[in-house]
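Novice: Please see the structure below; I have some questions.
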Amino acid sequence: MASSIKDIYITGLVNAHALEEQAISLLSRQAERIESYPEMLQQIRLHIEESRRQATRLEEILASLGTSHSTLKDLATKLTGTLAALAHVPMQDEVMKNTFANFAFEHFEIASYRSLLTMAELAGDNSGPKLLQESLNEEIRMAKWIEDNLDATTRTYMQRTASGQKAGI
């Protein structure tokens, strides 16, 4: 069964909203546990707020198209985010696993927003791209922060572990 270009775009927006809800859930669980990495905690808190604004932007675009996000998808992805964050808790290298997962997740979101920009163009949405570009820029900034701080995070983790200090989070 064929879908219209607009319907495909709307589905992408709904999925992106659910993805932002997952990000908020995942990062919130991580922020609750971080003790030894203050710069990381600051960036995660900042990105939680950015993710909330991104979800709001997506809601605005969906409303302009006469629809809204999916509460069911949002709940399912929030649960997934919580479970993903909890999966790393028992591991000694929790901070490293979270860092790797966050880096991958940010790039997934970057790809999603880039795809949504193409969908918006094809669907003839002239107002959505500005909001989507704002969100894309925030995702790129966060991915870059993780990349730029991977060395320092690894070094801190290794030094804390080698000295017998709490290192995971």
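Novice: Report whether or not Glu39 is exposed (fewer than 14 other Cβ atoms within 10 Å of the Cβ) and not in a helix (DSSP H, G or I).
Specialist: Numbers: exposed (fewer than 14 other Cβ atoms within 10 Å of the Cβ): yes; not in a helix (DSSP H, G or I): no.
No, not satisfied.
Novice: Name the pairs: first residue in region 150-163 and under 11 Å from Val95 (Cα atoms), second residue of a type in the set (A, V, I, L, M, F, W, C) and in a helix (DSSP H, G or I), Cβ to Cβ under 6 Å, at least 6 apart or on different chains?
Specialist: Here the result reads Tyr157/Val95; Tyr157/Met96, each pair linking region 150-163 to a residue that is of a type in the set (A, V, I, L, M, F, W, C) and in a helix (DSSP H, G or I).
Novice: Tell me which residues, restricted to region 123-168, are of a type in the set (Ser, Thr, Tyr), assigned to a loop (DSSP other than H, G, I, E, B) and under 24 Å from the mean Cα position of the chain (by Cα). Spell out how you get there, then give the answer.
Specialist: If we filter region 123-168 for residues that are of a type in the set (Ser, Thr, Tyr), which is where we start, we get 127, 135, 153-154, 156-157, 161, 163.
From what is left, the residues that are assigned to a loop (DSSP other than H, G, I, E, B) are 127, 163.
Passing the criteria: only Ser127.
Novice: Looking at region 141-158, which of its residues are of a type in the set (Ser, Thr, Tyr) and over 15 Å from Pro38 (Cβ atoms)? If you could, list the steps in order and put the result at the bottom.
Specialist: Residues of region 141-158 of a type in the set (Ser, Thr, Tyr): 153-154, 156-157.
Thr154, the sole residue that qualifies.
Novice: Now, a different point. Please state which one of Arg45, Arg57 is over 14 Å from Phe105 (Cα atoms), under 13 Å from the mean Cα position of the chain (by Cα), part of a helix (DSSP H, G or I) and among the charged types (D, E, K, R). Walk me through it before giving the result.
Specialist: Values: Arg57 fails: under 13 Å from the mean Cα position of the chain (by Cα).
Exactly one residue qualifies, and that residue is Arg45.
Novice: Between a residue in region 132-145 that is farther than 13 Å from Phe108 by Cα and any residue that is hydrophobic (A, V, I, L, M, F, W, C) and open to solvent by 30 Å² or more (accessible area, probe 1.4 Å), which pairs come within a Cβ distance under 6 Å, given they are 6 or more apart or on different chains?
Specialist: Between residues of region 132-145 that are farther than 13 Å from Phe108 by Cα and residues that are hydrophobic (A, V, I, L, M, F, W, C) and open to solvent by 30 Å² or more (accessible area, probe 1.4 Å), the close pairs are Leu132/Leu117.
Novice: Applying the selection to region 61-72, what residues are open to solvent by 50 Å² or more (accessible area, probe 1.4 Å) and at pLDDT 55 or above? Give the steps one after another, and end with the answer.
Specialist: Taking region 61-72 and keeping what is open to solvent by 50 Å² or more (accessible area, probe 1.4 Å), we get 63-64, 66-69, 71-72.
Ala63, Ser64, Gly66, Thr67, Ser68, His69, Thr71 - these are the residues of region 61-72 that are open to solvent by 50 Å² or more (accessible area, probe 1.4 Å) and at pLDDT 55 or above.
Novice: Identify the residue in region 116-160 that is crowded, with 16+ Cβ neighbours inside 10 Å and more than 21 Å from Ala55 (Cβ to Cβ) and, among all such residues, is modelled with the highest pLDDT.
Specialist: Asn149
Novice: Identify the residue in region 3-36 that is in a loop (DSSP other than H, G, I, E, B) and touching a residue at least 12 places away in the same chain (Cβ under 8 Å) and, among all such residues, is most open to solvent (accessible area, probe 1.4 Å).
Specialist: Taking region 3-36 and keeping what is in a loop (DSSP other than H, G, I, E, B), we get 3-4, 34-36.
The next check asks that each one be touching a residue at least 12 places away in the same chain (Cβ under 8 Å); those that pass are 34-36.
Details: Ile34: 17, Glu35: 129, Ser36: 25 Å².
Once the filter is applied, the top-ranked residue is Glu35.
Novice: Let me ask something else. Restricting attention to region 91-115, report how many residues are open to solvent by 70 Å² or more (accessible area, probe 1.4 Å) and in a helix (DSSP H, G or I). Quick ask: steps written out before the conclusion?
Specialist: Keep residues of region 91-115 that are open to solvent by 70 Å² or more (accessible area, probe 1.4 Å), which gives 91-92, 100, 103, 107-108, 114.
Still in the running and in a helix (DSSP H, G or I): 100, 103, 107-108, 114.
Selection size over region 91-115: 5.
The values are calculated or read from the model by the stated rules, or taken from the named source; none is laboratory data. Predicted model, so just to flag it, every value in this text is computed and none were measured. As a convention, Cβ positions derive from the backbone with ideal geometry for all residues, glycine included, and neighbour counts pool all protein chains shown. Heads up: the accessible areas ignore ligands, DNA and RNA and are worked out on the full protein's heavy atoms, side chains in. Shrake-Rupley method; radii C 1.70, N 1.55, O 1.52, S 1.80 Å.
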